[in-house]
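Down below is the structure, laid out as structure tokens.
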């Protein structure tokens, strides 16, 4: 790695710390804000994902802010164990990913703080809630459409992201038998209407190295979900051999998209192939919110790129991980608000075609996941996930 690249990576990491410190205390009960100027609200999923990067910093104020988030969520947990979508609002419910993210973040911060019983009562309630989301009792978790982080994209039934989160928190909390149930059901193939109806569906895609976006009975989406599949590699759901084949496939697909002129940066879109008007899974609302190459329909999301870089490290693709970290640091310099003199914008998401920022600047999870990715590349390990893969 050239010295200029090392300087860029270090400068971006320092800037990420400054973003997180800026966002540490917001307008809602002293909880962190989700972005520097937009999104003053404390969105649960954003802040819980940021726990991965914040947990690796030396900043006690930042670590304390995550503890406050977790403790506030525990106080606002529903009587049945569900975690709200806004940290401070116990009535803002309906998300499928907030409860497994809560359990994952608590598991991480138990290790960070060396407090193995941290929020134990709330953890048990949340585990009970998640148990009731599993129709087969010991297998995959089901969800409603637009209930995970993709609030502008349909994921039906058994979604990859939520199930990988569930597997990950089960492993982190030492619930290996329950985790095995998730792994066993995931390892089955998706099925089609032409196959027997008594076959149980899974998330393995025939003739492809990655896992399906979602599957339910005879229906599925075999479009590629970068976040879910990166977590599949990190958590060990995807064996090393499959992980390497998946990464090769991702990079080849990205090269092809560059040739076609639909990808203008050296980072993978969050989702592809893009859904286009006329496709069977196109929804009219996408015309306003989810155009091909934008937002959830193929935008470049820095926080997800952070997970991908960590997955590259987990798959021992160290040189590729370094190059993607450099590309991410360069991409994070762009900002949407030109009135502010920002060395790094840490924007929410970028357009796939030209890499222009299209979301909010100084996004908390963009900054935190850059820190996590940089630490993974520097130390050639993946904190909090190493034990999952080893076991």
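Only the coordinates and a few stated rules stand behind these numbers; no lab work does. None of these values were measured; they are calculated from a predicted model. Here the Cβ is made from the backbone with ideal geometry for all residues, glycine too, and neighbour counts use every protein chain on show.
A few remarks follow.
- Gap separating the Cα centres of segment 148-164 and segment 18-76, nearest whole Å: 24
- For segment 19-161, the relative contact order is 17 percent, taking Cα pairs closer than 8 Å that sit 6 or more residues apart in sequence and dividing their mean separation by the residue count.
- Centroid-to-centroid separation of segment 104-119 and segment 301-336 [C-alpha atoms, Å]: 27
- Label positions at residue 248 and residue 390, each projected 7 Å from the Cα along the C-beta direction, are separated by 2.9 nm.
- Taking the number of Cβ atoms within 10 Å of each Cβ as an exposure proxy, the fewest-first ranking of 87, 205, 377 is 205, 377, 87.
- Subtracting the Cα-Cα distance of residue 78 and residue 379 from 0.36 nm times their residue separation leaves 104.4 nm of extension gain.
- Remark: spin-label model distance residue 258-residue 115 equals 4.6 nm, labels positioned 7 Å along the Cα→Cβ axis.
- Mean sequence separation of contacting Cα pairs (under 8 Å, at least six apart), scaled by the length of segment 271-389, corresponds to a relative contact order of 27 percent.
- Mean Cα-pair separation over length for the chain, i.e. relative contact order, pairs under 8 Å, 6 or more apart, %: 17
- Virtual paramagnetic centre 7 Å along Cα→Cβ of residue 6, amide N under 17 Å, in segment 306-342: 319, 322-323, 325-326
- Compared with the alpha-carbon gap, the fully stretched path from residue 188 to residue 354 is longer by 56.0 nm at 0.36 nm per residue.
- Kirkwood analysis of the Cα pair distances in the chain returns a hydrodynamic radius of 20.9 Å.
- Taking every DSSP helix (H) stretch of at least 4 residues in the chain, weighting each as -39,500 (n - 2.57) and dividing the sum by the residue count yields a mean residue ellipticity at 222 nm of -14500 deg cm²/dmol.
- Spin-label pair residue 71/residue 285, simplified geometry with 7 Å Cα→Cβ offset, distance in nm: 3.7
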